Amino acid sequence: MSQTAPTTAAEEFASRVTPMQRVQHVLHRYPWVSPLVVLAILIIVFAFLGLVMDVGALDNFAKPGTISLMLQQTVIIGTLAIAQTIVILTAGIDLSIGAIMVFSQMVMANLAVYTTASNVLPIAGQNPILAVILGIIVGTLAGGVNGFLIVRFNLPPFIVTLGTLSIFTALTLILFKARTIQGKEYPEFLGIMGKDFQPFGGFSVTVGLIVMIALYIIFAYILRGTAWGTHVYAVGDDPVASELSGINVKRVLFSVYLVAGFIIGIAAWITIGRLGSASPNVAPEINLETITAVVIGGTSLFGGRGRLIGTFIGTLIIIVLDFGLSLAGLDQAYRVLAIGILVIAAVAVDQWIRKVRA
Amino acid sequence: MTTTTDIQPIVQGKALNKSFGRVIGLNECDFELYPGEVLAVVGDNGAGKSTLIKCLSGALVPDSGEMFINGEQVSFKTTHDARSKGVETVYQTLAVAPALDISENLYLGREVRKKGILGKLFRSLDKKHMRETSTKSLSELGVLTVQSITQPVETLSGGQRQAVAVSRAGTFGSKVVILDEPTAALGVNESARVLKLIKDLRDRGMSIILISHNMPQVFDVADRIHIQRLGRRAAVVTPEARTMNDVVAIMTGALTIPVEDQQLAPVR
Ligand SMILES: Nc1ncnc2c1ncn2[C@@H]1O[C@H](COP(=O)(O)OP(=O)(O)OP(=O)(O)O)[C@@H](O)[C@H]1O
Ligand SMILES: [Mg+2]
């Protein structure tokens with residue numbers, strides 16, 4: 001039988017591609033292209049308004065100092081959004097990200113500060129390295145709790161992480177009271193992620209930024225270059241097909257929440273460095289911001305589609321909007337408005353590109 | 001008609017039972033597939049066809065009964081177990097991940113890592129190798145009319161998707177391929193292509209179980225026809241000895257055939 005069946009008029013009609021379909025196909029393949037375009041437009045508009053139109057303080061927008069500040073500002077949302085991306089790729093969601101981050105941050109700071117006598121968790125004494133390691137382990141285990149509940153009892157991730165959001169927030173307050181630990185109280189190693197240096201004139205980089213970028217590279221590789229990564233996509237795409245293909249779906253899901261917990265633990269350390277203190281009241285809206293970064297980065301909430309690079313771009317969009325609008329002298333409410341519109345637009349675009357057909 | 005034979009079934013099920021709560025899927029069901037044949041499995045909706053092949057492919061564990069591959073007793077707990085014995089399945093609900101590409105789907109659950117430190121330590125996938133082999137096996141089976149092996153499966157037509165699923169089952173040194181209604185969602189041309197693919201697989205020495213509701217297709221490709229009714233085997237006949245009407249009559253219970261008039265032995 002010949003493979004090249006003669007094309008009928010109907011088939012030819014069906015195979016005609018409109019420009020819109022071409023765009024749809026490109027976005028289907030590279031879902032991070034639309035956020036990249038949005039980011040580019042934002043940067044161009046803010047730079048133009050600043051340099052040419054001299055709006056507000058926007059003339060500072062394109063300066064190395066501002067640019068490095070914006071990049072440094074991405075570290076908290078950016079790192080947590082890696083964890084959120086991996087979870088959302090499996091068609092899950094993690095509402096406890098902020099709570100786990102704060103919990104593991106307070107574990108680190110308390111272990112590093114208090115001596116055994118007054119300590120609630122008297123294991124680490126004042127060894128900051130051990131404190132950081134234990135903090136990351138606690139984050140990982142907390143992620144494991146989410147994974148266990150989701151996998152073992154077949155509960156929806158939304159509900160489980162809504163519950164653990166409260167649980168870890170409460171645990172933080174019960175164990176560590178509402179006490180903020182200031183930068184001068186803990187050893188330098190705990191705040192090392194906030195250390196900055198100038199690679200070239202006027203441009204400054206923090207250790208936390210470098211660690212975050214390294215995490216992006218490592219996890220981009222893991223997601224696209226290893227079998228585990230493929231399975232994460234497959235499980236989010238079609239869990240039944242994955243199971244029938246011999247993938248242990250439950251194990252993949254559990255490992256995803258565990259890995260997310262590990263990343264959250266590192267994010268906790270980065271956050272201490274960035275803010276220069278460990279406070280239980282930090283970042284109440286961080287969960288939604290990570291989800292926002294992931295969604296406007298082109299990752300589908302329905303799972304199975306998206307790229308880590310998109311999440312990074314999504315994070316940049318949030319920060320650039322933040323800086324640009326406040327430099328322009330506009331009220332915070334405009335930023336919130338703009339983000340809201342972007343989220344809805346991103347989900348609409350996702351719905352559209354998922355309808356792609358040959 | 002039945003003759004005694006020394007040929008061993010490649011897949012055999014004895015007195016398989018499987019129930020879902022109070023619903024009975026399989027009831028003391030026997031089954032034999034012989035090497036190199038196409039065995040069609042037909043039966044009414046709910047007769048237990050899918051349940052039967054799910055047991056044989058490890059997707060379900062029977063409540064009781066015995067299964068044998070080449071005479072060796074097996075008990076499959078997962079589809080992995082069945083695969084490791086050379087039994088591959090294309091499920092009724094096409095088990096492909098739509099957003100993954102063709103090559104990723106062919107290798108889903110059995111990815112190949114790079115040689116050396118990259119593969120061992122960094123667990124790096126050998127995408128190049130997987131793409132090349134996928135292209136090769138698809139074109140060997142004459143199904144590669146797709147533009148690119150890195151095309152997501154959801155951008156393929158129904159027939160192409162089915163071809164990918166069938167090819168996946170026919171690759172990787174499998175000996176038995178199980179197809180659950182592979183042409184149900186396809187047009188005439190696409191169905192013909194898949195049937196051709198089934199014959200090709202048989203001609204390459206594979207043994208095939210084909211579940212289908214389409215009598216003309218069954219009579220076209222099958223060597224023997226296993227008729228399933230109320231969770232058990234009602235009869236096994238050949239397309240030569242029986243008409244489509246006979247088969248439908250057996251399916252519905254209007255006709256019963258004594259064992260000596262059945263074709264329980266291999267014909268090939
Ligand atoms: N997972 C399940 N849970 C409950 N009942 C089930 C399940 N799977 C199958 N059954 C029941 O078992 C019986 C046999 O189903 P099965 O899917 O094997 O039939 P089938 O012959 O493949 O039918 P069809 O031609 O419609 O595909 C039916 O009554 C069905 O409702
Ligand atoms: Mg069925």
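Some observations on this one:
- Taking every alpha-carbon pair under 8 Å whose residues sit at least 6 apart, chain A reaches a relative contact order of 31 percent.
- Simple spin-label estimate for A:Ala214 and B:Lys128 in nanometres, 7 Å along Cα-Cβ: 2.9 nm
- In this rough spin-label picture, where each label sits 7 Å from Cα along the Cβ direction, the A:Leu162-A:Gln351 distance is 2.2 nm.
- Of the DSSP H helices in chain A, those whose Cα atoms cover at least 20 Å axially and whose Kyte score averages 1.6 or more: A:33-51, A:75-89, A:97-113, A:128-152, A:157-176, A:207-225, A:249-275, A:308-327
- When chain B is described by a simple charge dipole with +1 on each Lys and Arg Cβ and -1 on each Asp and Glu Cβ, the residue from B:Gly21, B:Gly187, B:Met130 located farthest towards its positive end is B:Met130.
- For chain B, the longest principal axis of the Cα atoms and the long axis of helix B:127-140 meet at an angle of about 40 degrees.
- Average beta carbon contacts from partner chains per residue of B:122-135, 10 Å cutoff: 2
- Binned Cα-Cα distances of segment B:1-55, short to long, each 10 Å bin given as a whole percent: 20, 49, 25, 6
- Gain upon complete extension [A:Val33, A:Lys184; 0.36 nm per residue less C-alpha separation]: 50.0 nm
- Potential extension, B:Thr150-B:Leu230 segment - 0.36 nm per residue separation minus Cα distance: 24.4 nm
- Restricting attention to the protein assembly as shown, close to 60% of DSSP beta bridges with both partner residues there are antiparallel.
- Taking the charge dipole of chain A about its Cα centre, with +1 at Lys and Arg Cβ atoms and -1 at Asp and Glu Cβ atoms, the residue from A:Leu275, A:Leu141, A:Asn127 reaching farthest to the positive side is A:Leu141.
- Rg to Rh quotient for segment A:197-250, alpha carbon positions, Kirkwood Rh: 1.33
- Here the dipole of the protein assembly as shown is about 860 debye; that uses its Cα centre as origin and unit charges on the Cβ of Lys and Arg (positive) and Asp and Glu (negative).
- Choice from A:Lys250, A:Lys63, A:Lys195 showing the highest fluctuation, given a GNM over chain A with Cα pairs closer than 10 Å: A:Lys63
- Between the amide H of B:Ile178 and those of B:Glu88, B:Thr89, B:Val90, B:Ile209, distances stay under 5 Å, these residues lying 5 or more places away or on another chain, with hydrogens modeled in the peptide plane.
- Given +1 at the Cβ of Lys and Arg, -1 at the Cβ of Asp and Glu and no other charges, the dipole of chain B around its Cα centre is 1120 debye to the nearest 20.
- Kirkwood hydrodynamic radius of chain A, from the reciprocal of the average inverse Cα-Cα distance over all distinct pairs: 21.8 Å.
- For segment A:284-353, Kirkwood radius (reciprocal of mean inverse C-alpha pair distance, Å): 12.4 Å
- Note on chain B: with a GNM built from Cα contacts shorter than 10 Å, the maximum mean-square fluctuation among B:Gly231, B:Gly58, B:Gly253 falls on B:Gly253.
- Placed amide H near B:Val11: partners under 5 Å, 5+ positions off or other chain: B:Leu33, B:Asn70
- The fraction of all Cα pairs in chain B landing in successive 5 Å bins from 0 to the largest distance is 1, 6, 13, 17, 18, 16, 12, 8, 5, 2, 1, 0, 0, 0, given as whole percents.
- Ellipsoid semi-axes for segment A:163-309, based on the Cα gyration tensor and the rule √(5λ), read 33, 21, 13 Å when sorted largest first.
- Net charge of neighbours whose Cβ lies under 13 Å from the Cβ of B:Thr252, counting Lys and Arg as +1 and Asp and Glu as -1: -1
- Segment B:1-130: Rg to Rh, with Rh as the Kirkwood radius over Cα pairs: 1.07
- Inter-chain Cβ neighbour count for B:103-110, averaged per residue, equals 5 (cutoff 10 Å, partner chain atoms only).
- Selected from A:Met53, A:Met106, A:Met20 as most flexible by GNM, with chain A as the system and alpha-carbon contacts under 10 Å: A:Met20
- Taken about its Cα centre, segment A:230-297 carries a charge dipole of about 260 debye when Lys and Arg each add +1 at the Cβ and Asp and Glu each add -1 at the Cβ.
- Note on B:Ser64 and B:Lys120: with the Förster distance fixed at 41 Å, the Cβ-Cβ geometry gives a FRET efficiency of about 0.45.
- Pairs beyond 18 Å (Cα-Cα), from A:Lys355/B:Lys136; B:Lys14/B:Lys54; A:Lys250/B:Lys128; B:Lys49/B:Lys199; B:Lys54/B:Lys77: A:Lys355/B:Lys136; A:Lys250/B:Lys128; B:Lys49/B:Lys199
- All Cα-Cα distances of the protein assembly as shown, cut into 10 Å bins from zero to the largest, leave 3, 14, 21, 20, 16, 12, 8, 4, 1, 0 percent in each bin in turn.
- Interchain or long-range residues, amide H under 5 Å from A:Thr90's placed H: A:Gly304
- With Cα atoms, 0 to 90° folded angle of helix B:188-203 axis to chain B main axis: 90 degrees
- Förster-model FRET efficiency, 22 Å R0, A:His25 and A:Ile344, C-beta, rounded to 0.05: 0.45
- Label-to-label distance, B:Ala192 versus A:Ile44, with points set 7 angstrom from Cα along the beta-carbon direction: 5.2 nm.
- Remark on segment A:40-109: ratio of C-alpha radius of gyration to 2.2 N^0.38 Å is 1.59.
- Stokes-Einstein, applied to the Kirkwood radius of segment A:234-358 over Cα pairs at a viscosity of 0.692 mPa s and 37 °C, places its translational diffusion at 194 µm² s⁻¹.
Readers should treat all values here as calculations from the given coordinates under stated rules, not as data from a laboratory. What you are looking at is a predicted structure, and each value in this text was computed from that prediction instead of being measured. Don't worry about glycine lacking a Cβ; one is built from the backbone with ideal geometry, like all the others, and counts go over all protein chains shown.
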